[in-house]
Amino acid sequence: MSLEERKPKLDLTTRFLAITLFLAVISSACNQARVATQVPVKPADVNESRIINADREPGNWMTYGRTYDEQRFSPLNQINDRNVSQLGLAWYYDLDTKRGQEATPIVVDGVMYFTSAWSKVFALSATTGQLIWSYDPKVPGDWAVNACCDVVNRGVAAWNGKIFIGTLDGRLIALDAATGRSIWETLTIDPHFRYTITGAPLIAKGMVIIGNGGGEFGVRGYVSAYNSETGKLTWRFYTVPGDPSKPFESPTLAKAAKTWSGDWWKLGGGGTVWNAIAYDPELDQLYIGTGNGTPWSEKFRSPKGGDNLLTCSIVALKIDSGEYVWHYQEDPGDAWDFDSDEDIILADLTIDGRARKVLMQAPKNGFFYVLDRTNGALISAKPYTFVNWASGVDLKTSRPVETALSRYQGTNPAPIVPGPMGAHSWQPMSYSPTTRLAYIPINDAGFEYKLPESFEPKKLAPNYGIDVVAAGLPQDSKVKKAILATVKGKLVAWDPAQQKAAWTIERPGPWNGGTLTTAGNLVFEGTAGGTFEAYRANNGEKLWSFPAQTGVMAGPVTYEVGGEQYVAVLAGWGGVFPLAAGEISFASGRVRNVSRMLVFKLGGKASLPPMPSIEQPALTTLPNLANPGTTRKGERLFQRYCAGCHGDVAVSGGVLPDLRRSSALTDDNWFDIVLRGDLQSQGMVSFAKELSRDDAAAIRSYVIFRRNQDAHSEKR
């Protein structure tokens, strides 16, 4: 299907109704708009001046982190630590999907814009939840095989009457903010490679800044800037060097190539910019976070070692040209999937009696970094939770001091903390200039890394370069129980100047939601167990909780319309943890996905419909005619090809089907699905190019083995 054919066809009546409803919403909210200038509003009339001066109109949330510094702090205080107990549901909006929800909504002049799974976009009245328009970019179902971490999207950007969305299949689309009609779209990737876009765009100086993902799938990372009016490419910055037999795109990449070895470019290199982007108008600098190298193990990626620049780094660029300014690498020669794509927050701090312009990040590796954002110099770095791969960060060399087990070169798996999920992942942290604390959703979970006997890149499987069978959860009951007991989560209020925790909230498990902090001395966070909660920002006292009926991962926002403050969060369970972690994900709470926007206000009286009761029948044993060798082969294939979506050792986290319960285990429909692609429209691509019928049969024998194993466990 061509790009033109994918564009939605809105008839004139639909467009007229959308515009009429939009104008009605704008009229009801006009007293909140353009406070500083009193200029009449138009749909999503956002520009650089409005974002820079966002505190003059705190009722809006006009960009992903509310302001360019990405602090996710709101000056609103109508809802505060004295009355938050009166918070109630104002309205909700149900979505047509059961896939993960990660988007931060933006709210401009009484209208809320946000994304859902499969890169769909919605515009709602921010006061009532009434639908103004929706847009479906028609992402092909088979592109889901290229997404490491669910078919999610983290949000839109607004600028000059347009809403911008990056789609899972690599397109950047500009929509008319009044109607949702596509104005232009451009393909930002080479479709022959397994790129995805899940992050929200950032817009500054009329340019749309967008990165991409695909670090496990043989891609080369880059970030691009496009003209917001035309969609034309303005500049592109590659984060890792390409083929050294060809001219490098910049002197920076020529230098970076000296830190690589082997044929890294044939494997892509990685270093993708899939999330963290921030802009400093004062310094006119753009800051990006880069991802891991591919594959994870440097033995296969860069066999003679090297730092592998610019993976796992924070990089500063000149925003007008994309020209390199400085970088700081957090994980030289990364071997653990320790991305540096987690939120980048800008702030002015007083450290040791001196005013500093800083950049803060709590990346996957478990250390909280404070950098001088003018030059990238390390000010401090301390672990914000338990880590064992490094004993600290040397302030003289700015490098981590790795421990003996960090490189997992032995014959036994090395239990390293944190694991690839990260001590903190994409779930947004926030920072309050009032309390001077950062609020971090933390994952405490390790991982057993081991080198495989051999490694061969595949096109339809993640290329981790580790022994995926050794990484699976053991089924010995005592060993499994001991491992599961170590998997926890936390909400931590972190003092970046003192590099220590001010207070901590313990969670049953990881993968809890992003945070929002406000001038009302509040911190809001959703939980993996299915609640949305408020805490006193200065001391962590729990003040309010709402049963959300599903896991809440996304970052909340707050806004004001008509003199009334609202708090909103997109609810829905998914992402890499419940997809890939299997039984470990149950530590956080066994919830179902119920995808919806939840919006609260003081005295809100709305209520959610009751959840239907769905009980899973007990597992029963099935005949398994395969010999043990075939089943072991099936285990290796399942862990490499299937576990990323259907769960570690064939236990689903509840988002996608649990194959142990599949009716296809007993007939040839199994082969129609796995090899012919009968469910391709739902994201289950055909694996016929890489798996034979015997391979598919071996995988089925392993799933039956696991079904029978767990059926016996249930009886006990």
Practice item. Residue by residue through segment 77-116, note down the ones that are of a type in the set (D, E, K, R), in contact with a strand residue (DSSP E or B) (Cβ under 7 Å, 6 or more places away or on another chain) and closer than 30 Å to Pro578 by Cα. Key: Asp94
Check your understanding: Given (1) closer than 30 Å to Pro556 by Cβ; (2) of a type outside the set (Phe, Trp, Tyr); (3) surrounded by fewer than 20 Cβ atoms within 10 Å (Cβ to Cβ), where does Asn443 come up short, assuming only one miss?
Key -> (3)
Point to revise | Boolean, Asp243 is of a type in the set (Asp, Glu), in contact with a helix residue (DSSP H, G or I) (Cβ under 6 Å, 6 or more places away or on another chain) and either closer than 27 Å to Ile52 by Cβ or assigned to a loop (DSSP other than H, G, I, E, B) (or both) | key: yes
Check your understanding: In this structure, is Ile132 among the hydrophobic types (A, V, I, L, M, F, W, C), surrounded by 24 or more Cβ atoms within 10 Å (Cβ to Cβ), outside any helix (DSSP H, G or I) and in contact with a strand residue (DSSP E or B) (Cβ under 6 Å, 6 or more places away or on another chain)?
Key -> yes
Practice item. Among the residues of segment 501-520, count how many are of a type outside the set (A, V, I, L, M), touching a strand residue (DSSP E or B) at 6+ places or on another chain (Cβ under 7 Å) and buried (at least 21 other Cβ atoms within 10 Å of the Cβ). Key: 10
Review point. So which of Leu310, Leu378 ends up being at pLDDT 95 or above, surrounded by 18 or more Cβ atoms within 10 Å (Cβ to Cβ), under 23 Å from the mean Cα position of the chain (by Cα) and more than 26 Å from Ile52 (Cα to Cα)?
Key: Leu310
Review point. (1) in contact (Cβ under 8 Å) with a residue 40 or more places away in the chain; (2) within 30 Å of Glu453 (Cα to Cα); (3) buried (at least 21 other Cβ atoms within 10 Å of the Cβ): which one isn't true of Val674, the others all being true?
Key: (1)
Review point. From the set of residues in segment 674-695 that are small (Gly, Ala, Ser) and under 31 Å from the mean Cα position of the chain (by Cα), which is nearest to Ala117 (Cα to Cα)?
Key: Gly683
Study note, to complete from the structure: Residue hits (segment 468-501; within 19 Å of Val417 (Cα to Cα) and assigned to a helix (DSSP H, G or I)) are Val479, Lys480, Lys481, Ala482, Ile483, Leu484
Practice item. Of the conditions (1) farther than 29 Å from Pro191 by Cβ; (2) surrounded by fewer than 23 Cβ atoms within 10 Å (Cβ to Cβ); (3) touching a Ser or Thr at 6+ places or on another chain (Cβ under 9 Å), Gly110 clears all except one; give me its number. Key: (2)
Revision key, fill the gap. Of the residues in segment 147-176, those that are in contact with a helix residue (DSSP H, G or I) (Cβ under 8 Å, 6 or more places away or on another chain) and over 18 Å from Gly211 (Cβ atoms) number 0
Review point. Hey, does segment 191-198 have a residue that's in contact with a helix residue (DSSP H, G or I) (Cβ under 6 Å, 6 or more places away or on another chain) and either touching a residue at least 40 places away in the same chain (Cβ under 8 Å) or of a type in the set (Ser, Thr, Tyr) (or both)?
Key: yes
Check your understanding: Taking segment 149-165 as the search range and keeping residues that are touching a Pro at 6+ places or on another chain (Cβ under 6 Å) and surrounded by 24 or more Cβ atoms within 10 Å (Cβ to Cβ), which one is nearest to Thr234 (Cα to Cα)?
Key -> Phe164
Check your understanding: Applying the selection to segment 537-548, what residues are surrounded by fewer than 20 Cβ atoms within 10 Å (Cβ to Cβ) and farther than 14 Å from Gly88 by Cα?
Key -> Asn538, Asn539, Gly540, Glu541, Lys542
Exercise for review: Restrict the check to segment 268-281 and report whether at least one residue is closer than 28 Å to Pro462 by Cβ, at pLDDT 95 or above and more than 20 Å from the chain's Cα centre (by Cα).
Suggested key: yes
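The values are calculated or read from the model by the stated rules, or taken from the named source; none is laboratory data. From a predicted model like this one, the values you see are computed outputs, not experimental measurements. Quick reminder, even Gly has a Cβ in these numbers, built from the backbone with ideal geometry, and neighbours come from all protein chains shown.
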